[in-house]
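Below is one structure, written out as structure tokens; comments come after it.
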Amino acid sequence: MQNFKAFENRVEHFIEVRHLMDRKDRYLVALSGGPDSVSLLRVLQNLNYQIEAVHCNFHLRGEESDRDEKFCSDLCDRLGIPLHLVHFDTRSYAELHQVSIEMAARDLRYRYFEKLRQSLGAEGICVAHHEDDSVETVFMNLVRGTGIKGLEGILPLQGRIIRPLLCVSRSDIEDYLHQLNQNDVIDSTNLIDDVTRNKIRLDVIPLLEKINPAVKTNVTKTARYVGMAVHALEHYINNYISMKSGITLYLPQEAGDSTVKETGASVTVQSIRAFPSPELLLFTIINLYGFSGSQAEEIYESLDKSGKVWQSKTHELLIDRGKILIQPVCEHGVKKMQIPETGTYVFADDLKLQVKYAQTVVISKEEGTATLDAGKVKFPLTLRYCQEGDRFVPFGMHGTKLVSDFLTDLKCNLFQKRRQLVLADTTGNVVWLVGKRTDNRFCIDAHTDKTLILKILDSSAGI
């Protein structure tokens, strides 16, 4: 670039075209002290945006970390920019959460950035990723294996994270700082090719530039074209999902809505296969619940099979009789509650059960209500999830039947079976398959003189 104004005009144009920032709002600038973040701070100040800097000391490089903090403090003092400093015990965090040092540092800083943004009423958080970073990300994703979204590179706007420098290269940044006579500090670990990104930066891209000096420019253009295609495809997929009756999604971000009991999905196999690219639609849906691309391939190949379960970190997926069912991971069978006497009991916020006596014979056919011979039922009762091997005598029958077989006859899927609650008496016998059927051994007969009434007052589980 010929002068620093050309650099600033280019960044300003990029911000305006992508609608990234507004001068009436306040923004945080992540400042490490390296050339990228220093140039971001200088250009945003020179363009008259309202900014405050934030520096994280991760205490990973000894004296070098402290040197970076002092540099940032001195720089902001000289420029008259407010600076927020925070210190992290990164190694302890990584050990506690069993993540890499790099992931720990990322988690810590972005969590702090967002909390600080909210407390200051700032509109966004500006970070200094540039064109070269985006190119490196494309190559990293290719090496690791990626879908089309991985070929977009780094996006200029993701939530509250803003990247105004994606329109300039690393060499542009170095020229800009040189023209401003602005110094910076270098993280020495960036010069060692011991991690994937550094290997691509220091070894792979220079080799490709020998083949075509314009490789970075061409990859950037390609990533932009891919981004356009992804945006159009997502719009088409979202419209299809919203219009298709066979697709019902409760998304993780909706969990705070009081009308949504839990996250999950119910998707018919037919609605998947009716889409022009069924496997892409399947991946788009299940990726919302943490399932990977390789799992999507397995699931797609198993659409005609029932009973198999896949699991992500947060959810389970089941194919059952032409449906794909997704629900949160739950340790079924662990929770149980003892009922020592009559009263109203709440079971794990899922079910409110009323247990009471009637001094006369009462037979109820009301849904969610069971009436039993009080003299046959021995307290304390236990409310729990059904377990493998549970048997009972369904009302109207004489022989015992496995609870699982009874639920199969009712066409219950595996998830429904896991969530089915049973009420057992002190002998361990199931007296009520909650909400479904009572046990014939405890039914009211000609000798009954007192009734035990079991009534579900409120429930989202087990019936």
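The values are calculated or read from the model by the stated rules, or taken from the named source; none is laboratory data. This structure is a prediction, so every number in the text was calculated from the model and none was measured. No Cβ is skipped: glycine too gets one built from the backbone with ideal geometry, and neighbour counts run over all protein chains shown. All accessible areas refer to the heavy atoms of the entire protein, side chains included, with ligands and DNA or RNA removed. Shrake-Rupley method; radii C 1.70, N 1.55, O 1.52, S 1.80 Å.
Structural remarks
- Seen from ASP449, the other residues with C-beta closer than 12 Å to its C-beta sum to a net charge of 0, counting Lys and Arg as +1 and Asp and Glu as -1.
- Electrostatic dipole magnitude of the chain [Cβ: Lys, Arg +1; Asp, Glu -1; Cα centre; debye, to 20]: 1600 debye
- Sparse-neighbour loop sites [GluC sites (Glu not before Pro); region 307-396; at most 16 other C-beta within 10 Å; DSSP]: GLU331, GLU341, GLU366, GLU367, GLU388
- Computed about the Cα centre, the dipole magnitude for region 33-162 is approximately 340 debye when only Lys and Arg (+1) and Asp and Glu (-1) carry charge, each at its Cβ.
- Ranked by how many other beta carbons lie within 10 Å on average, peptides 301-313, 264-276 from highest: 264-276, 301-313
- Cα Rg, Dmax, region 310-463, angstrom units: 16.0, 54
- Calculated FRET value between VAL362 and LYS308, using beta carbons and R₀ = 51 Å, to 0.05: 0.70
- For LYS244, a cut-off of 28 angstrom between C-alpha atoms picks up these lysines, skipping any fewer than 8 places away in its own chain: LYS149, LYS261, LYS305, LYS308, LYS313, LYS323, LYS411, LYS417.
- Taking the Cα centre of region 400-463 as reference, the dipole from Cβ charges on Lys and Arg (+1) and Asp and Glu (-1) amounts to some 280 debye.
- Protein accessible area in region 308-397, 1.4 Å probe - carbon and sulfur %: 49 percent
- A dipole drawn for the chain from +1 and -1 charges on Cβ atoms has a positive end, and of PHE139, ILE272, ALA128 the residue lying farthest that way is ILE272.
- Residue-count net charge about THR220 - beta-carbon cut-off 10 Å; Lys, Arg +1, Asp, Glu -1: +1
- Straight-line cross-link reach from LYS70 at under 15 Å between alpha-carbon atoms covers these aspartates and glutamates, not counting any fewer than eight positions away in the same chain: ASP184, ASP187.
- Convex hull volume per residue in cubic angstrom - Cα atoms of region 388-442: 78 Å³
- Whole-Å distance, taken between Cα centres, linking region 87-136 and region 209-251: 26 Å
- Rg/Rh for region 343-423, where both radii come from Cα atoms and Rh is the Kirkwood radius: 0.96
- Only protein heavy atoms count here; on that basis, with a 1.4 Å probe, VAL99 has an accessible area of about 50 Å².
- Positive minus negative residues near SER302 (Lys, Arg vs Asp, Glu; Cβ under 14 Å): -1
- The ellipsoid equivalent to the alpha-carbon distribution of region 131-227 has semi-axes of 22, 18, 14 angstrom, derived from the gyration tensor eigenvalues as √(5λ) and listed largest first.
- Protection proxy ranking of 414-423, 396-405, 286-295 - average other beta-carbon atoms within 10 Å, highest first: 414-423, 286-295, 396-405
- For peptides 53-65, 128-140, 424-436, 71-83, sequence by mean Cβ density within 10 Å, most packed first: 128-140, 424-436, 53-65, 71-83
- Overall, the anisotropy analysis places the chain in the prolate class: the square-rooted eigenvalues a ≥ b ≥ c of its C-alpha gyration tensor yield a/c not less than 1.5, with a/b exceeding b/c.
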